[in-house]
Amino acid sequence: QTPILKWLGNSVFVSGTSTLITLTLTTLGAYSFSRYRFKYRQASLLGTLIIQMFPSVVALVAFYLLLQQIGEFIPFLGLNSLGGLILIYSGGALGAGAWLMKGYFDTVPRDLDESAQVDGATHWVTFTQVILPLVRPILAVTAILSFIGTFNDYLLPRVLISDQESYTLAVGLANFISGRFTTEWGVFAAGALLGTLPIILIFIALQSQIVSGLSSGAGKGGDE
């Protein structure tokens, strides 16, 4: 009688889609910061880092008003929509992800870029066929951190989603233990156990890349 599977599907959809968008944007941004030198580059890097120091709860009212206004023109990206939630998540993880991935891109020798371009490869071909295969570990790390962060989040969907059918798993399960006189611990425990399956599957699929990505990229965030 409770749409737990629906909530689980919403969580997987929101987390998976936002992870793909975040991974695409952070990869392009990190590559640009690592390989190119342009005006205000240092200021942009510092700005993204400073912005990430503020928790998302600080911008909660701004998120609400932003989606409210967007929903007047694009309903599927407004309030009470999974698209709006994806929009917020996709932008919120760019700063930290770009810094982490830039550190890993810096470990890849620039000689590879120059060699590929001497052979006639364009910048896009160099990026997709030479650099990306070498940075798979940090892609896996960024993907799993982004997925877990959005999958387990409670505050944003609780405020931005009001329709029960659009609840994420965290918000839906909270209703079973938030009652003043009634709590359904059995249903809550079953739903929580079910919610661990996507994360376990992702860890199993990406475990060969996780350790390498964290150890190689964590300490190399500076510029050369």
Item to check | Candidates I204, I21, I148: whichever shows maximal mean-square fluctuation once the chain is modelled as a Gaussian network with Cα springs under 10 Å | outcome: I204
Checklist entry - Sorted by accessible area with a 1.4 angstrom probe, largest first, how do K39, K102 fall? => result K39, K102
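Given the rule -39500 (n - 2.57) for each run of at least 4 DSSP H residues, summed and divided by the residues of the chain, what is its mean residue ellipticity at 222 nm, to the nearest 500 deg cm²/dmol?
It comes out at -21500 deg cm²/dmol, rounded to the nearest 500.
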Checklist entry - Hey, any idea what the orientation-averaged projected area of the convex hull of the chain's Cα atoms comes to, in nm²? => result 15.0 nm²
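Run the accessible area of the chain with a 1.4 Å probe and give the carbon-and-sulfur part as a rounded percent.
On the way: 8330 of 12380 Å².
Taking all protein chains in place, the chain shows 67 percent carbon and sulfur surface.
Give me the accessible area per residue for segment 1-149, probe 1.4 Å, as a whole number in Å². Let's see the in-between values first.
Numbers: 7890 Å² over 149 residues.
In whole numbers, segment 1-149 has 53 Å² accessible per residue.
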Checklist entry - Angle between the Cα long axis of helix 185-217 and the longest principal axis of the chain, 0 to 90 degrees, nearest 10? => result 10 degrees
Checklist entry - How would M53, M101 line up by accessible area, probe 1.4 Å, largest first? => result M53, M101
Item to check | With DNA, RNA and ligands ignored, accessible area of Y40 (1.4 Å probe; Å², nearest 10) | outcome: 150 Å²
Checklist outcome for this item: Counting every C-alpha pair in segment 117-160, the percent lying more than 16 Å apart is 58 percent
Checklist entry - Build a GNM of the chain with springs between Cα atoms under 10 Å: which of T128, T48, T168 gets the top mean-square fluctuation? => result T128
Checklist entry - Measuring from the lowest to the highest alpha carbon on each principal axis, how far does segment 1-80 reach, largest first, in angstroms? => result 57, 26, 25
Next on the checklist: If you fit an axis through the alpha-carbon atoms of helix 60-71 and take the longest principal axis of the Cα set of the chain, what angle between them do you get, 0 to 90°, nearest 10?
Outcome noted: 90 degrees
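The values are calculated or read from the model by the stated rules, or taken from the named source; none is laboratory data. As the structure is a prediction and not an experimental result, all values here were calculated from the model. Accessible surface is based on the protein model in full, side chains and every heavy atom, while ligands, DNA and RNA are left aside. Shrake-Rupley method; radii C 1.70, N 1.55, O 1.52, S 1.80 Å.
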